[in-house]
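The values are calculated or read from the model by the stated rules, or taken from the named source; none is laboratory data. Note that the structure is predicted; figures quoted are calculated from it, not measured. As a convention, Cβ positions derive from the backbone with ideal geometry for all residues, glycine included, and neighbour counts pool all protein chains shown. Quick note on the areas: whole protein, heavy atoms, side chains included, nothing else; ligands and nucleic acids left out. Shrake-Rupley method; radii C 1.70, N 1.55, O 1.52, S 1.80 Å.
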Amino acid sequence: MKRNKLWVFAVLSMVFTGVWLILMIISVSINGSLRTPEEVIEYLRNFKTLYYLTYINAVLVTVAVTIFFSYLYDHCKTLNREWSLAGLIFIPAYSVLNLIVYFSQITVVPKLMGYVFPEAYSIMFSQFIQILPYSAMAAMNQLAYGLLGIPSVIFGILLIKNKEISIAGEWLLMLNGVLCILGVIGTASGIEGLSAGSVIGGALFLFSLIAIVRKLT
């Protein structure tokens, strides 16, 4: 039964992550890299449906991935209880941080965009916009995925060591975790190449889910 639930939430995580990747590619192809609040406001005005769809799906990704990792912990604790518990600790933190970020983009940011701010307040407002790479919300989002990277590495190593589920999926899961952790380091140090780690890790996570789903089917 637990293995069936692991499969179900692996499928849901795979679908929502796949949609995230598609929406991100569409957004980048339309807008390129958004760098200012004015560019984000223009994007929201012209592509409101795409904007809301992106963040609603991001919320669904967070919920599905949180439950998937909870069931993955349940599976891994039979392999090594202590290390699995160490990984589990970071999953709620990832969920809470990301839900705060994504819900704020749907609720708070669109309302604030209707106001005209003095320059000083405009700088503060920009910190609430997750799309902007230098914002506080972007850093919080990076931190969330960096925290999830820890159980990704731990569970991936445990599964590799015990030859569980799917060899390809296990390695990709671990590499996703490493890249997400590097993404946090890149954000903290200002190294753009490293800060892209969570995006690349997200793509690897999708492929790991595909491999895991195929093996569990």
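Some notes on this structure:
- Number of the condition not met by Val116 [criteria: (1) modelled with pLDDT of 90 or more; (2) loosely packed, with under 12 Cβ neighbours inside 10 Å; (3) of a type in the set (Val, Ile, Thr)]: (1)
- Restricting Val19, Val11, Val40, Val15 to those that are assigned to a helix (DSSP H, G or I), within 16 Å of Phe207 (Cβ to Cβ) and more than 14 Å from the chain's Cα centre (by Cα) reduces the list to Val11.
- Members of the range 128-174 found to be charged (D, E, K, R) and touching a Leu at 6+ places or on another chain (Cβ under 8 Å), listed by number: Lys161, Glu164, Glu170
- Leu79 under 22 Å from Ser13 (Cβ atoms), touching a helix residue (DSSP H, G or I) at 6+ places or on another chain (Cβ under 6 Å) and outside any helix (DSSP H, G or I): yes
- The set of residues in the range 61-107 being closer than 25 Å to Arg45 by Cα and open to solvent by 50 Å² or more (accessible area, probe 1.4 Å) consists of Ile100, Phe103, Thr107.
- Selection of first residues in the range 123-145 that are touching a residue at least 40 places away in the same chain (Cβ under 8 Å) and of second residues that are among the basic types (Lys, Arg) and open to solvent by 40 Å² or more (accessible area, probe 1.4 Å), restricted to Cβ pairs under 8 Å at least 6 apart or on distinct chains, gives the following pairs, ordered by first then second residue: Leu132/Arg35; Pro133/Arg35.
- When the test is whether a residue is modelled with pLDDT of 90 or more and either open to solvent by less than 60 Å² (accessible area, probe 1.4 Å) or in a helix (DSSP H, G or I) (or both), Pro110 does not pass it.
- A count restricted to the range 180-217 and to residues that are in a helix (DSSP H, G or I), hydrophobic (A, V, I, L, M, F, W, C) and out of contact with any Ser or Thr (no Cβ under 7 Å at 6 or more places or on another chain) stands at 14.
- Within the range 175-217, the residues that satisfy the criterion of being under 22 Å from Leu158 (Cα atoms), polar (S, T, N, Q) and free of Cβ contacts under 8 Å to residues at least 60 places away in the same chain are Asn176, Ser198, Ser208.
- Condition check for Tyr145: touching a Cys at 6+ places or on another chain (Cβ under 6 Å) and either among the basic types (Lys, Arg) or open to solvent by 40 Å² or more (accessible area, probe 1.4 Å) (or both): yes
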